[in-house]
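One structure below.
Since every read-out is calculated from the coordinates, none of them should be taken as a lab result. Since the model is a prediction, treat every value here as computed from it, not as a measurement. Backbone-built Cβ (ideal geometry, glycine too); neighbour counts: all protein chains shown.
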Ligand code: XIL
């Protein structure tokens, strides 16, 4: 199949990191396995505009050139996030000036990438981690403190104007598990979608990060209902950052991979049960490089195993299952 042929089934993608790009076996794995390749960090605010008015697209462009040369689509993350903001932005106290800086950033970055990205995570992780205890539906971020909840519509309006063809996505984590906290987070996501729509603002899809805790139960029905509710609103769904967090799974690689297969399988049951997802993207491709090891390492000293390929680039059984299900979709 030529590299540029339209992928059959639901496209599969993975996030790539420019700092490992010189590892050719790593790079080749993306070229071989993916329909879509996503720059993991290279389009985040502080990396693109480290100083006011000084834009650096070199890392992102390198990865987007790789996508173009290998017939891959790509997507962008992210404009509004509580993390990875440059100091100069966080120092702006005047809301009018901050709004201007945000809109300028979005316009400049979206315009630079126009035609090369199928979608943008316009806002990322804006829902309160624990809505009940955090005192409101939205996460307490400097964007919220300075601009109020309207920072969300401001970003969506600016992004959809700047790149009318790219899909506009609300990206969020912890939307798939069982329990009241997750019910609340799903309800808040739907309410943000409705509020944007009521204001006549375009939102095309909800992105489920799907950092899956292997010890936590997926609420298959609630996840399917969430997908169906979005569909009823005319809004799509995609998986943006799938990986498995195994620090609570006892045993060796076999036990860990079995637990991963179970949680990924349940997740896909719920995801595919709601509506056809636009794509499923993993947060990296090989255990050789993964963020889970840095933030949620195992207590027993073994390396964690979050991704479709192990550190030696051997595929896990769950990856085969995932690809078979996407191929049918
Ligand atoms: C992480 C990256 O994987 C790291 O390389 C980086 O140092 C920090 O950000 N949710 C998100 C992602 O939305 O952007 C985060 O990515 C992981 C959690």
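Could you please let me know if residue 156 is within 19 Å of the chain's Cα centre (by Cα) and either surrounded by fewer than 15 Cβ atoms within 10 Å (Cβ to Cβ) or more than 16 Å from the ligand (Cβ to nearest atom) (or both)? In short, yes. Taking the conditions (1) outside any loop (DSSP other than H, G, I, E, B); (2) out of contact with any helix residue (DSSP H, G or I) (no Cβ under 7 Å at 6 or more places or on another chain) in turn, residue 103 satisfies each one other than (2). It is to be established whether one or more residues within the range 30-40 are within 16 Å of the ligand (Cβ to nearest atom), free of Cβ contacts under 8 Å to residues at least 40 places away in the same chain and within 17 Å of residue 279 (Cβ to Cβ). Within the range 30-40 (the criterion being within 16 Å of the ligand (Cβ to nearest atom), free of Cβ contacts under 8 Å to residues at least 40 places away in the same chain and within 17 Å of residue 279 (Cβ to Cβ)), the answer is yes, since at least one residue qualifies. Taking (1) surrounded by fewer than 22 Cβ atoms within 10 Å (Cβ to Cβ); (2) in contact with a helix residue (DSSP H, G or I) (Cβ under 8 Å, 6 or more places away or on another chain); (3) under 30 Å from residue 291 (Cα atoms) in turn, residue 179 satisfies each apart from (2). Of all residues in the range 101-127, those satisfying the criterion of being within 16 Å of the ligand (Cβ to nearest atom), at negative phi and within 17 Å of the chain's Cα centre (by Cα) are 117, 119, 120, 121, 122, 123, 124, 126, 127. Inside the range 68-85, residues that are touching a helix residue (DSSP H, G or I) at 6+ places or on another chain (Cβ under 6 Å) and surrounded by fewer than 20 Cβ atoms within 10 Å (Cβ to Cβ) make up a count of 3. Filter the range 162-176 down to residues that are more than 17 Å from the chain's Cα centre (by Cα) and touching a residue at least 24 places away in the same chain (Cβ under 8 Å) and give me whichever is farthest from residue 117 (Cα to Cα). Step by step, filter the range 162-176, then rank; the result is 162. Per the conditions (1) within 18 Å of the chain's Cα centre (by Cα); (2) more than 19 Å from residue 303 (Cβ to Cβ), the sole criterion not satisfied by residue 231 is (1). Taking the range 197-209 as the range and being more than 16 Å from the ligand (Cβ to nearest atom) and within 20 Å of the chain's Cα centre (by Cα) as the test, the residues that pass are 202, 203, 204. Those residues that are out of contact with any helix residue (DSSP H, G or I) (no Cβ under 8 Å at 6 or more places or on another chain) and surrounded by 19 or more Cβ atoms within 10 Å (Cβ to Cβ), I need them from the range 159-176; list them, please. Across the range 159-176, the qualifying residues are 160, 167, 169, 171.
In this structure, is residue 60 in contact with a strand residue (DSSP E or B) (Cβ under 6 Å, 6 or more places away or on another chain) and either within 16 Å of the ligand (Cβ to nearest atom) or farther than 29 Å from residue 280 by Cβ (or both)? Against the criterion (in contact with a strand residue (DSSP E or B) (Cβ under 6 Å, 6 or more places away or on another chain) and either within 16 Å of the ligand (Cβ to nearest atom) or farther than 29 Å from residue 280 by Cβ (or both)), residue 60 qualifies.
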